[in-house]
Amino acid sequence: MNITENTIELLADLCKIYLSDEEKKDMLTSIQSTVECMDKLSNVDTSNIEPLEHIVTFVNVFREDKVKESMERNIILSNAPQHEDGCYVVPRVVD
């Protein structure tokens with residue numbers, strides 16, 4: 001893939017950012033090196049590799065829900081700066 005200064009200007013325009021001439025040159029060098037690195041992947045022989053549906057191979061890793069005792073509410077609320085009717089009191093954040 002050929003990346004030119006025009007490509008950089010188009011990308012900057014699409015991103016709604018201003019790039020100086022020096023920044024354009026730096027960006028061009030950076031993107032060109034990234035594209036060259038990605039182009040190396042096209043040389044890798046993948047003919048004997050089966051395609052993956054998903055990178056993670058876990059199957060049904062959910063655990064069964066079990067009801068168990070919790071801490072007492074008054075112990076939990078003892079750390080709260082304010083509480084009322086068994087609940088935390090917090091400042092209002094939405095009008």
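Within the stretch 1-56, the residues that satisfy the criterion of being under 26 Å from the mean Cα position of the chain (by Cα) and of a type in the set (Lys, Arg) are LYS16, LYS40. Of all residues in the stretch 70-91, exactly one satisfies the criterion of being of a type in the set (D, E, K, R) and either surrounded by 10 or more Cβ atoms within 10 Å (Cβ to Cβ) or modelled with pLDDT under 90 (or both), namely ARG73. Checking the stretch 38-57 against the condition returns a match, with at least one residue being among the charged types (D, E, K, R) and not in a loop (DSSP other than H, G, I, E, B). Looking for something on the phi > 0 side of the Ramachandran plot and not basic (Lys, Arg) - is there at least one such residue anywhere in the stretch 59-69? Looking for residues that are on the phi > 0 side of the Ramachandran plot and not basic (Lys, Arg), one finds at least one in the stretch 59-69, hence yes. Which one is surrounded by the fewest Cβ atoms within 10 Å (Cβ to Cβ), of the residues in the stretch 38-69 that are among the polar types (S, T, N, Q) and at pLDDT below 85? Restricting to residues being among the polar types (S, T, N, Q) and at pLDDT below 85, the top hit is ASN60.
The values are calculated or read from the model by the stated rules, or taken from the named source; none is laboratory data. For clarity, every value in this text was computed on a predicted model and none was experimentally measured. FYI the Cβ positions are ideal-geometry reconstructions off the backbone, even for glycines, and counts take in every protein chain you see.
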